[in-house]
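A quick write-up on the structure given underneath.
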Amino acid sequence: MIRYFSSNFSHLILLIGIFIMIIPVWLIFASSTHTALIINTQGLQFFLGDKFLENYTKVLLYEGGFFKEITVYKMFLNSFLMATGVAFLSVISSLMTAYVLVYFRVKYATLLFWIIFITILVPLELRIFPTYSVMSTLNLVNSYWGLIIPISASAIATLFFRQFYKTIPDELLESAKLDGANTWRFFIDFLVPLSKTMIVAMFIFMFVFGYNQYLWPILVTSSEQYWTVVMGLKMMSGSIVNKFAFVIMSMIPPVLIIIVLQKYFIKGIFQDK
Amino acid sequence: MSFLELNKVTKIYPNGTKAVHETSMNVENGEFMVFVGPSGCGKSTLLRMIAGLEDITEGYINLDGILINKVDPSDRDVAMVFQNYALYPHMNVYNNLAYGLKNRGISKEDIEKKVNEAAKLLQISEYLQRKPSMLSGGQRQRVAMGRAIVRNPKIFLFDEPLSNLDAKLRIQMRLEIKKLQQKVGVTSIFVTHDQVEAMTLADRLAVINNGLIEQLGTPIEIYNNPKSMFVAGFIGSPQMNFLEGELINKTLTSEGFEINNVTSDFNGPVILGIRPEHMSQTDKGLINLSVDLVEQLGSDNLIYGEIKNKKDFCFRCPGSQIIKKGSKLSLNINDNNYYVFDKSNGNRVN
């Protein structure tokens, strides 16, 4: 009886949590299907209106910026390139860093790892001026590389891979050695396939992280053609309902990628080997 | 020149622990050598030095006429079976077997042929497409051996490969390893702490203690003629009985009985060793045993009892003999099958 009650109680708490998360999104979605007049006079709407097609088509045909160089498609493309680039580079760099830290005879490997790890305490916003100056010296301002490179080394992903590698028994390495696997082959033939689920999890993590960037893209690009979706949310001109529609659309790519890869994502985060 | 030569091989770990002391030995081509000893005696370290997984601090190792001290493990042409098998979890059985061959640049057709041959030999042909996680302990064991066999190496190294199996399977696999080795004829070194495994598998046996080879010989030689108290106690099951005593002028006095005409010139405190199976019941025997406990194994009975000051003295008799707890037995030592050791250093003196 108590168990029945407590399980119901925890379900109730979870349901409340879901409502708290969902309601704002729903309000924006419902509001995006009304006319701007209704929103401006009556506030956010809870029920669906009849302007869904009209409002969303307008966003899809939007041309923004001073020179009208940027479209919604281009913004999605930019965000996609940036997020994918960040995800790819940070997964690859973390995989390799963790490999070196765990398997190579590096002096002070643990110390080095913790130095890498404390960079978590130094967010991009804190180092934004030196980072900008580096990018400008390298002539990467106003380019995709400028958007991607400064945020594509992840201490968190390095931590995950390092902890995972540490659980792999030494015999596997020894056995591979006797089977003629060199340093590179062991990485490619063993560590990469074994950490497949974790790679996918980290990829999603970093994809969403890259997709959500706002301050850095604004600083490092001045050309309209590099606007990302998140920048567009702020920069976009037009009526309130079109902005709402764009907010809803901007959520689709990260949600989509999580839905498609969620099986790996959960396995990777809660790896119990 | 022998096939495998160890010359004063020494291992000192960076923290100063000396795991292996100046060990020298030879293994002949096709021989099945077993290293046996208690855990932490350095037997695995010795094996790992032959495999190239541990650096050799001093001394040298020759394999097939080539000095291999500095040769990379992958170039030594040795194959090893690990205690937990170390199968590649993300590869199916076929690829587990084929991986070492692929790295050696062997053509696809040859790999397929070799893998299929090995699989047939080990009766794992049906499992080739399965992942190791879908196999039972015994099957994994076979795959691990298959991975060694398929490369046709100069030498097989086994690092306690049977200790993860249950008792019944262990005996079965022990038999199969022995048969397989005889069939394939590859020189093998097998590390174990189980003396029964050691006795049954070995052509020759090296009993290792504290990083030193205490005795090297065929199992029967070692059983019949242990050179030290350690070897005598380690080889043989149940363990040899040890009694304290004194040897003066060829007369040994111990726990209320005397043995005359001991073939030894040693004088002083000694330890007398008698194997449980080397005694028999008579009317007026040397040793008077009051029985505390009877273990009936079916074929044999193990009788534990007390003689004067010595407790848990073990005597083995045929299972058909009925002996009751609390009864008194009179025992004689058969054919002077007893061992006398110097009490101070454990060396055999008779």
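The values are calculated or read from the model by the stated rules, or taken from the named source; none is laboratory data. This is a predicted model, so every value here is computed, not measured. Don't worry about glycine lacking a Cβ; one is built from the backbone with ideal geometry, like all the others, and counts go over all protein chains shown.
Odds and ends about this structure:
- Of all the residues in region A:10-31, those that are touching a residue at least 24 places away in the same chain (Cβ under 8 Å) and of a type in the set (A, V, I, L, M) number 2.
- Which numbered condition A:Gly180 fails, given (1) buried (at least 21 other Cβ atoms within 10 Å of the Cβ); (2) outside any helix (DSSP H, G or I); (3) not β-branched (Val, Ile, Thr): (1)
- Checked against the criterion of being away from every other protein chain (no Cβ under 13 Å), within 30 Å of A:Ile28 (Cα to Cα), surrounded by fewer than 21 Cβ atoms within 10 Å (Cβ to Cβ) and out of contact with any strand residue (DSSP E or B) (no Cβ under 7 Å at 6 or more places or on another chain), the candidates A:Val200, A:Val247, A:Val241 yield just one match: A:Val247.
- Total residues in region B:27-49, condition under 17 Å from the mean Cα position of the chain (by Cα) and either within 14 Å of chain A (Cβ to nearest Cβ) or surrounded by fewer than 21 Cβ atoms within 10 Å (Cβ to Cβ) (or both): 8
- Here B:Phe158 meets each of (1) modelled with pLDDT of 90 or more; (2) more than 14 Å from every other protein chain (Cβ to nearest Cβ); (3) closer than 30 Å to B:Gly233 by Cβ with one exception, condition (2).
- Leading residue by the ranking (nearest to the other protein chains (Cβ to nearest Cβ)) among those in region B:69-94 that are β-branched (Val, Ile, Thr) and buried (at least 21 other Cβ atoms within 10 Å of the Cβ): B:Val78
- Any hit, region B:52-62, residues being assigned to a strand (DSSP E or B) and surrounded by 20 or more Cβ atoms within 10 Å (Cβ to Cβ): yes
- Within region B:50-68, at least one residue is closer than 22 Å to B:Gly211 by Cβ, within 14 Å of chain A (Cβ to nearest Cβ) and touching a Gly at 6+ places or on another chain (Cβ under 8 Å).
- Residue in region B:184-191 that is of a type in the set (Gly, Ala, Ser), touching a residue at least 60 places away in the same chain (Cβ under 8 Å) and surrounded by fewer than 18 Cβ atoms within 10 Å (Cβ to Cβ) present: yes
- Taking every residue in region A:62-89 that is over 15 Å from A:Phe209 (Cβ atoms) and without any contact (Cβ under 8 Å) to a residue 24 or more places away in the chain and pairing it with any residue that is of a type in the set (A, V, I, L, M, F, W, C) and buried (at least 17 other Cβ atoms within 10 Å of the Cβ), at least 6 positions away or on another chain, the pairs with Cβ-Cβ distances below 9 Å are A:Glu63/A:Ile70; A:Glu63/A:Val72.
- Of all the listed residues (A:Leu233, A:Leu191, A:Leu173), the sole one being modelled with pLDDT under 90 and assigned to a helix (DSSP H, G or I) is A:Leu233.
- Checking region B:214-225 against the condition returns a match, with at least one residue being at pLDDT 90 or above, of a type in the set (A, V, I, L, M), crowded, with 18+ Cβ neighbours inside 10 Å and more than 20 Å from B:Leu6 (Cα to Cα).
- Any chance A:Asp179 is without any contact (Cβ under 8 Å) to a residue 12 or more places away in the chain, over 21 Å from A:Ser90 (Cβ atoms) and more than 8 Å from every other protein chain (Cβ to nearest Cβ): no
- Looking only at region A:206-230, residues that are touching a Gly at 6+ places or on another chain (Cβ under 8 Å) and assigned to a loop (DSSP other than H, G, I, E, B) come to 2 in all.
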